[in-house]
1. Skipping prolines and chain starts, which residues have an amide H placed within reach, meaning under 5 Å, of the one on B:MET321, given they are 5 or more residues away or on another chain?
2. Work through the residues other than A:VAL168 whose Cβ is under 15 Å from its Cβ and net out their charges, Lys, Arg +1 and Asp, Glu -1.
3. Taking H placed 1.01 Å from N in the peptide plane, check which residues at least 5 places from B:TYR346 or on another chain put their amide H under 5 Å from its amide H.
4. Please compare each pair in B:LYS13/B:LYS82; A:LYS32/B:LYS241; B:LYS82/B:LYS347; A:LYS169/B:LYS226; A:LYS293/B:LYS82 to a cut-off of 28 Å on the Cα-Cα distance and tell me which ones are over it.
5. Please turn the phi angles of the range A:193-203 into ³J(HN,Hα) values with the Karplus equation 6.51 cos²θ - 1.76 cosθ + 1.60 (θ = phi - 60°), one per residue in order, whole Hz, x for glycine and proline.
6. Compute the orientation-averaged projected area for the range B:215-363 from the convex hull of its Cα atoms and round it to one decimal in nm².
7. Tell me, what is the FRET efficiency for A:THR58 and A:VAL113 to the nearest 0.05, using R0 = 22 angstrom and their Cβ-Cβ distance as r?
8. Name the long-range amide H neighbours of A:LEU120: under 5 Å, sequence gap of 5 or more, or other chain; modelled H, no Pro or chain starts.
Amino acid sequence: MDMDLITNILYAMIRTGTPLLIIALGEMVCEKSGVLNLGQEGMILMGAVAGFIVTLLTGSLFFGFLMAMAAGVIMSQLFAMITLGLNANQVATGLALTIFGTGLSAFIGADFVGQPIQGLDVIVIPLLSDIPVIGKMLFAQDAIVYLSFGLFTALYWFFRSSRTGLIVKAVGENPHAANAIGLPVMRTRYLAVAFGGAMAGLAGGYLSLAYTPMWAENMSAGRGWIALALVVFASWRTERVLLGAYLFGLASILHLVAQGLGFSVSPNLLAMLPYVATVLVLVMMSRNQSRSKMFAPMSLGKPFHVGS
Amino acid sequence: MLFKLEPRGEHSKAMAYLSPLLAGILTLITGGIFFYLQGNDPLYALKTMLYTPISDVYGLTELCVKTAPILLCAIGLAVVFKAQVWNIGAEGQLLMGGLAASALAVNIIDIEGVWVLPMVMLVGMLGGGLWALLAAWLKTHFNANEILTTIMLNYIALNFLIYSVHGPLKDPHGYNFPESAMFGDAALLPILVEGTRVHAGILFALFAVVVVWVLLSRSFIGFQIKVLGLDASAARFAGFKDKKLVWITMLISGALAGLAGAGEVAGPLGQLVPQISPGYGYAAIIVAFLGRLHPIGILFASLLMALIYMGGEMAQIMLNMPLAITGLFQGMLLFYLLACDVLIGYKIKFPWLGTKAAASSAE
């Protein structure tokens, strides 16, 4: 394997891992507050279709990404209204959000399938991008990848050193205790769900505006579910989410590696790899029941009703 | 606060039955508004979607064709969901069932005999059942969350199916289309009504409804399943083997989904193609909830879901709507159902009204 190939694989690994990283970070914040939102796919697809249409109509990528995030937030608040407002089952409602979002996005986007669009350009940082092997991977990416680096750093700090981060964790661990000392449990949860929605929408926009600049039905291809598994894999820790996202990015582009090494394997079989990897990772992380329970936010998925 | 939730203390049986009805009405109203915004006459559009497809005998037989796989998947899900095991993998189990049945059928095209069809169906059930047992094994031995594993197995099954029709199962005389050879006559399900596509699959589905009804309401296993679902620790305390129950329920639901897949390839399709299912396995989840996990409820909910599938196709032809309208209606229905289900456990009070008017009149 020559140097160029390694450089390109690392570059593609970051690009492929970025949407997973963004979704998983958003979902992690949501889960830290005690809410399990299985509707990631629905929010991603709505973000992807909204961003694509807005960019196509206005010509502005900035507005596209903005609308992608807005679409994610709106979808997430639909989920929040039903689970937090009406105390409905979070698992079933999350599934409903996925089914609804998949249908609605396909409906809205039906007229836009296959239309060409000028995708997001890469920003090459001079000098730094010339560093061998890692230069291209870290310093010749598009704006959203740089944004995801910033997002990671911000969340790392948020949960490690900020007071608000502590509140989110308290609400997720024990909402009754948090409520008793006057923390705004419900508001925190609504905001955490909204943040998760914004991130899923952003990742959706990344898919339809940068990663593969086009709209296709169901283009998220299970990334939302993989990101959910990633959060489990990461034991709800920010730095492990980063690691996991890029590992999954690598698993998704193994066909490039195989080609580079001169193997010929059916692309359909290789397409299974990220999903197989997800199952393996879940098995690895869940084996020890008491250990996996220790890391999960205590009240994850449980409804909170004042006075209950 | 716009409204307040007040716990009822005990669950309202009446609301449990009214909630699907309410959700259906709300879906109709929202759908009507949606059509109106699209520039269609809402009443005409709804009639086109929900009445025109079944306004003649042929339409009714087509309804049976579409109901069969949905009902088979959903009735199986009723069993697992009762045990609070969240098998979201009916879609993948259906695909693996269709794939396994096809793998056998294309290798015995020239063979005749009455045992061919039962074998093909049985292999289909085996394919779906084993695929579900994989998730059961991962759950009971490695504690892996079955929601995520079954969904991943759906994607793996789909890719495996696509690989198969491009590779080992591709028709050697098929001009390189990603399709298998047509099955031999002995492997095809008999047609029930001459001149239509309605095949014996609907009979399997109705039979499954009866069997599951007996299983859940009249058998000891069914009792154990229900206890496990209501209170896992109580089930363990009573000495029920919870892991075994997970395996049994997953096997039943996977085998029925596999039978649905086998019924599709040996029924209306007659061969293996990449698109066996337009999401029947996912629609079955909605059907199971809508039917309150009760066999009779699921029967009616399956008919409705099949109608929505046909309505989507009709809206595409008559109203020039995207086919995705099917998914949109399915999603709305489930959303409204979950929102209405809150009325089972809670009363809704509107403090700003000043009176203590409860939103429900169903008490």
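1. B:GLN316
2. Result for the neighbourhood of A:VAL168: +4.
3. Result for B:TYR346 returns B:ARG8.
4. On the way: B:LYS13/B:LYS82 17 Å; A:LYS32/B:LYS241 33 Å; B:LYS82/B:LYS347 25 Å; A:LYS169/B:LYS226 35 Å; A:LYS293/B:LYS82 24 Å.
From B:LYS13/B:LYS82; A:LYS32/B:LYS241; B:LYS82/B:LYS347; A:LYS169/B:LYS226; A:LYS293/B:LYS82, over 28 Å: A:LYS32/B:LYS241; A:LYS169/B:LYS226.
5. The phi angles translate into 5, 4, 4, x, x, 4, 5, 4, x, 4, 4 Hz.
6. Details: hull surface 56.7 nm².
Dividing the Cα hull surface by four gives the mean projection, 14.2 nm².
7. Numbers: r = 19 Å, r/R0 = 0.88.
E(calc), rounded to 0.05, equals 0.70.
8. A:ALA210
The values are calculated or read from the model by the stated rules, or taken from the named source; none is laboratory data. Please read these numbers as outputs of a predicted model, since none were measured by experiment. Backbone-built Cβ (ideal geometry, glycine too); neighbour counts: all protein chains shown. Accessible surface areas use protein heavy atoms only, side chains included; no ligands, DNA or RNA. Shrake-Rupley method; radii C 1.70, N 1.55, O 1.52, S 1.80 Å.
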